[in-house]
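Bear in mind that the values in this text are calculations on the coordinates, not laboratory data. Keep in mind the model is a prediction, meaning the values are calculated, not measured.
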Amino acid sequence: LPRGVPITGIGISPNRALFVGTMGAGMWWRRDVGAAAGSGLNAPSELSSGLGTQRLVVTTCSDPKGWKHVRSIELKLAEGFGAEDGRPFALWARFDQETGKVGVYDPDAHRFVEGVPGERRVLHGGHADLDLARTSVKGQGPTAPTVKATWAVTPVGGARGELQQFLRVTDDDGFGTTWDRLGTWKISGAASRSVAYVVAVIGIVGLLAVAVIVRRRARLRAGRS
């Protein structure tokens, strides 16, 4: 907080982040004061790939009471800044500490489809798949505060353009972060498919044109003879 800025309010938000309000100079937040499960980081934070190409996203987060106090870790890929519930998304994946399972939200069934990290199974969610065989969740020690979740994600179907990476972490007491934007994922496959489609159509039209010309020449020769 800059020196000399008048403070008009101070408190703890519902997700246990300290906030300081100032007179016309904005608001400052610190999530590590009185915090429960803290927000994390995604690596890499800036991704780019083609449609159908799998990438590993590693989420690192912590809890002052130990990583086993983290109730859930949720990763969401969505357009713009619409990560809140009810907004469209390409993928919504969740690790549940209590069950030890990882789930992907199925927008058609309106529920999470779950599996065990490491099993040979692919979960389908919206416009991205999660490969459980390459997905894992590991704490840094029995009582350590830090945990790492590795997500093996493949954008498919309607995933396109620049998606935003969002993260939400909740602890056993029910406190947690909001949907924090941690990075982007640029997907070029949709454009590539469109180009391929146009090229294919042009090729077919070209072949038809050649066939018509050949037939006309054949008719002319037959008429002359």
Inset, instruction - Compute from the Cα atoms of the range 47-184 the Rg and the Dmax, the latter being the longest Cα-Cα distance, and quote both in angstrom. - result: 14.2, 42
Inset, instruction - Any lysines with Cα under 21 Å of the Lys68 Cα? List them, leaving off those in the same chain fewer than 8 positions away. - result: Lys101, Lys138, Lys148
